[in-house]
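Below is one structure; the comments refer to it alone.
Each value in this text was obtained by applying a stated rule to the coordinates, not by laboratory testing. These numbers were taken from a predicted model, which means no experiment stands behind them. FYI the Cβ positions are ideal-geometry reconstructions off the backbone, even for glycines, and counts take in every protein chain you see.
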Amino acid sequence: EKGTYPHYMLKEIDEQPIVLRKIIQEYQGEKGGFAIDASIRKAMKNADRIYIVAAGTSFHAGLAGKVLLEKLANIPVEVHVASEFSYNMPLLSEKPLFIFISQSGETADSRAVLVKVKELGYPALTITNVPGSTLSREADYTLHLHAGPEIAVASTKAYTAQIAVLAILAADTANEKGRKLPFDIMQELAIAANAMDVLTDHKEEMEKLAKNYLHSARNAFFIGRGSDYYVSLEGALKLKEISYIQAEGFAGGELKHGTIALIEKGTPVIALVTQEHVNYSIRSNVQEVVARGANAMVISMKGLEQTADSFVIPKVQQLLTPLISVIPLQLLAYYAALYRGNDVDKPRNLAKSVTVE
Ligand code: F6R
């Protein structure tokens, strides 16, 4: 039930800190370890490469997860859009492990790949919010998102839950391989949950920014570098789905290779700045679009902020910033859709689970 909330989407955005704490609790093991099944641990350890297969928002969570798995567990990871994988199958490594990420566990495009992978005899793990779902039943292993039912068509809390579970899986695999982690993942996730509380408590600022930047926008661009780029893709998808504003997410450095031609006076460009090593370069991309008349909204992380930035998010571990930086983008999409009088929870042409290929 959505209770006093006007929309499920807003309720689900607000639930993200609660879900993150639930995940911490569910995956907390004994003696500082993690509650992950020994069979999954073994499959992760045996794999020489991981293939993440997913669609839409879950694909975007997979991109953020790739960074965590590679940096923490030192396993090469490829992330593929499910609907492309079967027709354009990459060369596989000797010992691949497939990870299917799906909120519903029913996405037909992902299932088609799972069927093929099982025919080929490769191991598969499904990360889903619905443990009894098709993708969960047909895979060898399942990890549960514990996000609770997600009703709004636009996915929000499932995305952050997916990233959190991938972070824990990456940390667990690092432990198994005897790799020393540079930080305590559960502690950093708890800090991220507190940061989420701060963001969901300051919605009025995003409401104002949505009004100023997106009220009458025809199009919008999201830019970032590194994991900020992956979150930009998700921010653009959220905005498209519910506000119907044409939006694209870009790697900051790619803009000048074509897209910058679209920047006109007043074009909204939303830039994410949470990664210290690219702070300088993404800010020069912002300068480039501002010089061409763009209406730039810079969302930066505490410690990297400049006085002219539009919004500053609390500081969290550098590898976990997607959990936090996505929240202002979810809220921007929500308020932009509201201003435009759209049906936020049931956008046109979309279904909650896409069970056709
Ligand atoms: C976006 C959205 C879709 C889904 C996609 C995959 O807000 O909801 O892009 O993420 O259809 O769905 P699942 O995760 O159920 O496989």
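Site-free segments of the chain were taken between chymotrypsin sites (Phe, Trp or Tyr not before Pro) in DSSP loops having at most 14 other Cβ atoms within 10 Å, sites themselves excluded; the longest one is 184-357.
Quick check on my link table: of LYS95/LYS180; LYS116/LYS157; LYS11/LYS203; LYS208/LYS256; LYS22/LYS42; LYS157/LYS346, which ones sit more than 19 Å apart, alpha carbon to alpha carbon? Those over the limit are LYS95/LYS180; LYS116/LYS157; LYS208/LYS256; LYS22/LYS42.
Between amide H atoms placed 1.01 Å from N, distances below 5 Å from ASN295 occur with GLY266, THR267, VAL269, all of them 5 or more places distant or on a separate chain. Each Lys and Arg contributes +1 and each Asp and Glu -1, all at the Cβ; summed about the Cα centre of the chain, the dipole is approximately 280 debye. For the range 74-160, the list of GluC sites (Glu not before Pro) that fall in a loop by DSSP and count at most 12 other C-beta atoms within 10 angstrom reads GLU94. Simple point charges give the picture: +1 on the Cβ of Lys and Arg, -1 on the Cβ of Asp and Glu, and for the range 216-300 a dipole about the Cα centre of about 220 debye. Panel note: the C-alpha atoms of the range 63-215, placed on their principal axes, show extents of 52, 39, 29 Å (largest first).
Specify which residue in the list ALA161, GLY178, LEU145 is farthest towards the positive end of the charge dipole of the range 130-205, using unit charges on the beta carbon of Lys, Arg (+1) and Asp, Glu (-1), about the Cα centre. It is GLY178. In whole angstrom, the chain maps to an equivalent ellipsoid with semi-axes of 32, 22, 21, each derived as √(5λ) from the alpha carbon gyration tensor and ordered largest first. Mean-square fluctuations from a GNM of the chain, with a 10 angstrom spring cutoff on Cα atoms, peak among THR307, THR173, THR160 at THR307. Our summary gives the chain a relative contact order of 19 percent, counting only alpha carbon pairs under 8 angstrom and 6 or more residues apart.
Just GLY62, GLY178, GLY252 to compare: in a GNM of the chain, with alpha carbon springs under 10 Å, which one fluctuates most? Maximum among the listed residues: GLY178.
Taking amide H positions as modeled 1.01 Å from N, with prolines and chain starts lacking one, the residues under 5 Å from PHE34 and 5 or more places away or on another chain are GLY29. Couplings 3J(HN,Hα) for the range 120-128, derived from phi with the Karplus relation 6.51 cos²θ - 1.76 cosθ + 1.60 (θ = phi - 60°), are 6, x, 8, x, 9, 10, 10, 10, 8 Hz, where x marks Gly and Pro. Evaluating 6.51 cos²θ - 1.76 cosθ + 1.60 at θ = phi - 60° for every residue in the range 32-46, the Karplus couplings come out as x, x, 10, 7, 10, 3, 4, 5, 5, 4, 5, 4, 5, 5, 6 Hz, glycine and proline recorded as x.
The Cα center of the range 91-120 and the Cα center of the range 140-186 differ in position by 18 Å. Per-residue Karplus couplings for the range 329-343, computed as 6.51 cos²θ - 1.76 cosθ + 1.60 with θ equal to phi - 60°, are listed in order as 6, 4, 5, 4, 4, 4, 6, 4, 5, 4, 4, 8, x, 8, 7 Hz, Gly and Pro entered as x. For the range 196-279, applying the loop criterion from DSSP together with a ceiling of 14 other beta carbons within 10 Å to the GluC sites (Glu not before Pro) yields GLU264.
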